[in-house]
1. Failed condition for V377, given (1) over 29 Å from E150 (Cβ atoms); (2) touching a residue at least 12 places away in the same chain (Cβ under 8 Å); (3) part of a loop (DSSP other than H, G, I, E, B), with all others met?
2. Spot the failing condition for V360; the list is (1) in a helix (DSSP H, G or I); (2) touching a residue at least 12 places away in the same chain (Cβ under 8 Å); (3) of a type in the set (A, V, I, L, M); (4) within 23 Å of T101 (Cα to Cα), and only one is missed.
3. Determine which member of the set T341, T317, T334 is within 16 Å of the chain's Cα centre (by Cα), surrounded by fewer than 24 Cβ atoms within 10 Å (Cβ to Cβ) and not hydrophobic (A, V, I, L, M, F, W, C).
4. Considering every residue within the range 354-371, establish whether at least one is small (G, A, S), more than 23 Å from V261 (Cβ to Cβ) and at pLDDT 95 or above.
5. When only residues in the range 24-71 that are free of Cβ contacts under 8 Å to residues at least 60 places away in the same chain and in a loop (DSSP other than H, G, I, E, B) count, which is surrounded by the most Cβ atoms within 10 Å (Cβ to Cβ)?
6. Can you list residue pairs whose Cβ atoms sit under 8 Å apart, with the first residue in the range 143-157 being assigned to a helix (DSSP H, G or I) and the second being modelled with pLDDT of 90 or more and among the aromatic types (F, W, Y)? Count only pairs 6 or more apart in sequence or on different chains.
7. Can you spot a residue in the range 269-278 that is within 30 Å of K58 (Cα to Cα), modelled with pLDDT of 85 or more and part of a helix (DSSP H, G or I)?
8. Say we look at the range 182-196 and pick out the residues that are farther than 11 Å from N77 by Cα and at pLDDT 80 or above; which of these is surrounded by the fewest Cβ atoms within 10 Å (Cβ to Cβ)?
Amino acid sequence: MWRRLGVLDLIRIGLLVLGLVFVATGLLPWDAAVASLDDIGPLLIFLVAIIVTAELTKEAQVFDAIAARMAVFGRGNYVALFFLCTAFASFITIFLNLDTTAVLLTPVMLALAPKARIAALPLAMTTIWLANTASLLLPVSNLTNLLGMEKIGLDAQEFAARMWAPQVASIAVTMAFLWVFFWRRGERRDLRYTPPVLEPVADRVLFGAAAASCLLFIALLLLKTHVAVAATAAAVIVVAAFLLRARDRLSWSLIPWQLVVFVTGLFLVVPTLSRHGLSDLMIWMIGADGDPYRTAAVGAGLSNVINNLPAYQAVETVIPASDQNRLLALLAGTNVGPVITPWASLATLLWFESCRRHDVAVPMRRFLLTGTGLAVVGLVATVWALVELS
């Protein structure tokens, strides 16, 4: 079994073991550990349910059908395809979580590339950049948003009301960087692409059930249903459809145990470190003047050094709940900023693996330099929109 585990899996398990050691040795008191894990119970239910829903939606060919029809609708025009792809990736990120875009939409887009004779790299960069930068609008869009909801004290609609302007700003900057560095003719080399031939879905019942489950999830969110309840309801529908029509395609591998292990370990390790000096360091880094730009910059910088989830957890601990602007600015930093290093977010790590499996070469120097530019410009624009427009 251990031989089948990758390096990332071993790191996640190691983090959980370290957290359990902290509890066992008393470095993290038992009451504090229970309270910390209590906070993430509904979050873990949501995480499992939404990823199962997204995985089975992909299996039902919903994403494939939409991507192929986008390419047909674009009629060979790269400008039209660019706007369709960015809109699709943004929509999936906002409503179905950034991991869905990075992990499940990326293979769909890369599979579309040879059929339509489209360069793969622009499609791949669209999914990973927008997986991060389009994840500000709703609590479900990013795990960091869900982590901060209780302290921020906003429901989903109030959160969206505060974050719509920052979200528009971050997507607009991302689209500009995508076009200039990956989509314009000088970068893609082709004037037009070949619209693919549409193929019928293998099972219309599974396709309809999966599409309905996604629409139900979105509708329940708009009705202010708790995210864990909404995601569970969607998962029940699509799992039931697969039980009736394709039971052999259901397996335990659908359950994202790696993320569950990672998040659980994170909620044991970070509180322990915060009790033993980490909080003092974070207070010094973000300063005492309440500057949202500095807070966002610290969140982005730490994300690219240690990953955005522990970065958010470490900084959020030292920001008072009354300082809503800085908490939202921190989310901007840890959502928009992690586009520089391959390990800045879990989605980026999984995206690199997907690109490797599809033989898509990602020029590392170009990835780092363009990502740095996007992080700097995108973060300034996003925080400005948060402070001045929302």
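1. (3)
2. (1)
3. Residue meeting the stated conditions: T341.
4. Within the range 354-371, one or more residues are small (G, A, S), more than 23 Å from V261 (Cβ to Cβ) and at pLDDT 95 or above.
5. For the range 24-71, the residue satisfying everything is P29.
6. T144/Y312; N145/F159; L147/Y312; G148/Y312; M149/F159; I152/F159
7. Taking every residue of the range 269-278 in turn, none turns out to be within 30 Å of K58 (Cα to Cα), modelled with pLDDT of 85 or more and part of a helix (DSSP H, G or I).
8. The residue in question is R184.
The values are calculated or read from the model by the stated rules, or taken from the named source; none is laboratory data. Values in this document were obtained by computation on a predicted structure and should not be read as measured data. Ideal geometry is used to build each Cβ from the backbone, glycine not excepted, and the neighbour counts take in all protein chains shown.
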